[in-house]
Amino acid sequence: MAPLPISSIRVGKIEDVQELIKSKPNKVPERFIRAANERGGLVSLKTHFHQPIPVIDLSELSKPHTNDDFVFEILKLSQACEDWGFFQVINHGLEVDVVDDIEKVAKEFFEMPLEEKQKYPLEPGTVQGYGQAFIFSEDQKLDWCNMFALGVHPPSIRNPKLWPSKPARFSESLKGYSKEMRKLCKRLLTYIAISLGLKKERFEEMFGEAVQAVRMNYYPPCSSPDLVLGLSPHSDGSALTVLQQSKDSCVGLQILKDNTWVPVLPLPNALVINIGDTVEVLTNGKYKSVEHRAVTNRERERLTIVTFYAPNYEVEIEPMGELVDDETNPCKYRSYNHGDYSYHYVSNKLQGKKSLDFAKILN
Ligand code: OGA
Ligand code: NI
């Protein structure tokens with residue numbers, strides 16, 4: 001996909017957060033300080049008593065489809081996608097080595113000197129490389145985060161210049177990890193199809209050669225976590241997102257539920273899954289692409305490795321006929337080309353669920 005013309009975008013100086021805290025550990029520059037109603041620390045007390053996001057046990061879903069345990073877990077999954085748009089999966093069967101390894105190389109990458117990381121710069125208007133994406137003006141607030149993002153599949157979306165030669169094992173690990181994540185996403189989409197009463201290959205057949213990207217988010221500690229955000233509120237443009245939190249991860253991800261930011265408490269060996277905009281459209285809004293954000297911690301850093309799985313850019317997206325009923329459940333989204341949607345998504349700043357206005361049918 002063609003990036004935006006770089007020359008037309010003036011983003012001002014984007015300070016590297018890791019460097020910032022090395023030189024001035026107690027200072028939070030103005031450009032990171034959020035307006036009072038956006039701040040990470042402003043979480044209502046209700047949040048702390050909120051029920052946790054659903055947990056889906058994938059070993060139950062490996063059982064024969066006629067088994068009661070399978071049916072029960074599918075119902076849980078369906079409820080999770082409708083009510084939360086988020087769930088954690090346990091017993092996902094991923095090799096511990098694969099999960100550990102990507103975390104290790106990602107950490108090593110972020111710990112390298114800035115000059116090394118800057119060999120893979122994220123240029124304004126693009127979404128791959130090291131830096132901050134989704135910045136389009138000089139006065140836009142910055143996230144308290146360093147990111148490294150890469151297109152992974154199909155190989156045509158890779159930018160080989162941005163695949164780092166250091167750490168030496170990085171590319172190898174990422175390829176191995178992405179292969180496993182691809183299998184997991186395909187598998188999850190079969191369960192999601194079943195939970196909607198569709199045949200299990202429904203998404204796979206529609207998606208063609210699915211597009212897969214990875215973003216590694218490194219959130220350094222912040223001396224005033226209540227003034228900043230690690231990652232601005234947004235919904236994901238993908239069909240499905242898989243988020244891995246580093247093992248010693250503190251709480252950071254929050255999702256908007258009933259107007260309250262609910263923290264996602266990391267579970268050991270679990271992965272966080274969320275429904276992206278594409279599945280919201282395909283299911284005509286039955287399954288929700290929920291707004292989420294990341295907050296920072298005063299003492300501890302946090303690392304997440306996020307896989308975005310989406311249809312091929314060629315695919316036309318519209319609510320699936322099975323889930324639309326002119327009388328009782330009229331079509332809420334227009335049809336569009338997924339490549340156009342991806343372009344729209346990456347050429348606007350992250351702003352809650354605003355991206356989906358692109359497809360909404362307004363009455
Ligand atoms: C993302 C995202 C949250 C986190 O990368 O899209 O929502 O906790 N990340 O890193
Ligand atoms: Ni996200």
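Each value in this text was obtained by applying a stated rule to the coordinates, not by laboratory testing. Note that the structure is a prediction, hence the values are computed from the model and not measured. Please note: Cβ atoms are built from the backbone with ideal geometry, for glycine as well, and neighbour counts cover all protein chains shown.
A few comments on the model shown:
- Rough spin-label spacing in nm, given labels placed 7 Å along Cα→Cβ, for residue 247 and residue 83: 3.3 nm
- For the range 265-363, the mean projected area of the C-alpha convex hull, equal to one quarter of the hull surface, is 8.7 nm².
- Kirkwood-type hydrodynamic radius, the range 105-206: 16.0 Å, calculated from all non-identical alpha-carbon pairs.
- Rg/Rh (Cα only; Kirkwood hydrodynamic radius) as it applies to the range 187-302: 1.02
- Proportion of all alpha-carbon pairs of the chain beyond 26 Å (%): 50 percent
- Listed residue pairs exceeding 29 Å between alpha carbons, taken from 200/288; 107/360; 107/183; 119/179; 175/360: 107/360; 175/360
- Residue 136-residue 344 pseudo-label distance in nm [points 7 Å out on the Cα-to-Cβ vector]: 1.2 nm
- Share, in percent, of DSSP beta bridges within the chain that are antiparallel, nearest 5: 90 percent
- Each label point was placed 7 Å from the Cα along the Cα-to-Cβ direction; for residue 169 and residue 67 their separation is 3.4 nm.
- Think of it as helices only: each DSSP H run of n ≥ 4 in the chain is worth -39500 (n - 2.57), and spread over all residues that comes to -7500 deg cm²/dmol at 222 nm.
- Its Cα gyration tensor gives the range 60-161 an equivalent ellipsoid. The semi-axes, each the square root of 5 times an eigenvalue, are 37, 19, 14 Å from largest down.
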